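The values are calculated or read from the model by the stated rules, or taken from the named source; none is laboratory data. This structure is a prediction, so every number in the text was calculated from the model and none was measured. Methodologically, a virtual Cβ is constructed for each residue, glycine included, from the backbone with ideal geometry; neighbour enumeration extends over all protein chains shown. For the accessible areas, the whole protein counts, side chains as well, though only heavy atoms, and no ligand, DNA or RNA atoms are used. Shrake-Rupley method; radii C 1.70, N 1.55, O 1.52, S 1.80 Å.
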Amino acid sequence: MAFVTLLFSLIARPIIAELHPYYLWLGIFDLIITGSLYVLVRSNKCPKWHISLSLISALIIMLPMLFISGGVNSQVAFFLPLYPIVGALIGGRVESLLMSLFLIVTILFATIFSHTIINVSGEYYDANTSYLRGFWLILAIMFSAMFGQFFLNRYTELTKKLKAENLQDPLTELLNRRGLNLHFAQELEQAKEKNSPFCLMLIDIDYFKKINDQYGHDVGDTCLIEVAERLNKGIQVHHYLARFGGEEFIIVLPNTPLSEAETIAEQLRHIIAKGRFSSFQIPLTITLGIATLHGGRDNALKIIKRADKALYRGKEKGRNCVELES
């Protein structure tokens, strides 16, 4: 906008229309503001403030034009209600509200003191018209601010929903592998940094294929959901339960030594063993394999492999048991 104003003042003004020389100085002022913002952004100083500074610069560029062209009577004023929406889209909730408050205060002053504002267009000043236009401008800005907040609320809701769907297993509503990897990586790094105990538990429902073959996959899905619910109730708040695939589940146990993890595993095994699942009251059992973190060079893949080997040893021993890594 700064370049357009400057070029129009220098080139188009003598050819197309006779504009006030103020527009030339306004173009130079806008060019300085825009150039300063460009240098600041390119220098990568205060990156968190780049969006806010851009919005403030846009207002600084717009308002002088408003004050030399009749204030609320200026045609430039018709663009002002767009600013709260732009602030919401580009910045956020705070930026939109701050821009709205700033514009409302500015328009109030511009309306009250409109008779003192320069009007280079030469339009006749009318107090009633100025107050009426000021009123509608403030109303439009308030509506724009409300729309911006409504948009941000909807956007936040949809973002949370999409994020949950992206990290959640649709059947059991537990974490899926993507969600598990997110928490797994964070907790594993913290355990290494703090040198705290860390365990992983792999769980497999015994003979689950027979359930699907005998009762159907819909009953099998019901069993999976009910097993997930009971497992979830049997773990602590800071533990993470996820569906690992098929009839397998995985639990991340930060700040949990191996002996405590074994106790939790036995409790979970008893919870499932004494339960009955689906409308057919099907008895189920689970086999659990546990692995623990071994030093700073250990990683997620190695821990999962050790837990998987422990799980298969448990299956070879007859299932319905807890097996620790060798």
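Hey, can you tell me all the residues within the stretch 250-300 that are of a type outside the set (Val, Ile, Thr), open to solvent by less than 10 Å² (accessible area, probe 1.4 Å), part of a strand (DSSP E or B) and farther than 20 Å from residue 318 by Cα?
253, 254, 277
Right, residue 208: farther than 28 Å from residue 298 by Cβ and touching a Cys at 6+ places or on another chain (Cβ under 6 Å) or not?
Here the answer is no, as residue 208 does not meet what is asked.
Matching residues to (1) assigned to a helix (DSSP H, G or I); (2) surrounded by fewer than 13 Cβ atoms within 10 Å (Cβ to Cβ); (3) not polar (S, T, N, Q):
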{"residue": "135", "(1), (2), (3)": "yes, no, yes"}
{"residue": "142", "(1), (2), (3)": "yes, no, yes"}
{"residue": "156", "(1), (2), (3)": "yes, yes, no"}
{"residue": "161", "(1), (2), (3)": "yes, yes, yes"}
{"residue": "179", "(1), (2), (3)": "yes, no, yes"}
{"residue": "218", "(1), (2), (3)": "yes, yes, yes"}
{"residue": "225", "(1), (2), (3)": "yes, no, yes"}
{"residue": "235", "(1), (2), (3)": "no, no, yes"}
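Hey, can you tell me all the residues within the stretch 192-216 that are open to solvent by less than 30 Å² (accessible area, probe 1.4 Å) and either on the phi > 0 side of the Ramachandran plot or not polar (S, T, N, Q) (or both)?
Within the stretch 192-216, 198, 199, 200, 201, 202, 203, 204, 205, 206, 208, 211, 216 qualify.
Out of contact with any helix residue (DSSP H, G or I) (no Cβ under 8 Å at 6 or more places or on another chain), among the aliphatic types (A, V, I, L, M), under 25 Å from residue 187 (Cβ atoms) and surrounded by fewer than 21 Cβ atoms within 10 Å (Cβ to Cβ), is that true of residue 311?
no
Which numbered condition in (1) at pLDDT below 95; (2) open to solvent by less than 50 Å² (accessible area, probe 1.4 Å) is the only one that residue 316 fails?
Of the numbered conditions (1) at pLDDT below 95; (2) open to solvent by less than 50 Å² (accessible area, probe 1.4 Å), the odd one out for residue 316 is (2).
Here are 161, 192, 210: which of them is among the basic types (Lys, Arg) and more than 30 Å from the chain's Cα centre (by Cα)?
Of the residues listed, the single one that is among the basic types (Lys, Arg) and more than 30 Å from the chain's Cα centre (by Cα) is 210.
Tally the residues that are in a loop (DSSP other than H, G, I, E, B) and touching a residue at least 12 places away in the same chain (Cβ under 8 Å), restricting the search to the stretch 237-249.
Residues that pass the stated criteria total 4.
Of the residues 189, 173, 123, only one is out of contact with any Pro (no Cβ under 8 Å at 6 or more places or on another chain), modelled with pLDDT under 80 and either open to solvent by 100 Å² or more (accessible area, probe 1.4 Å) or at negative phi (or both); which?
123
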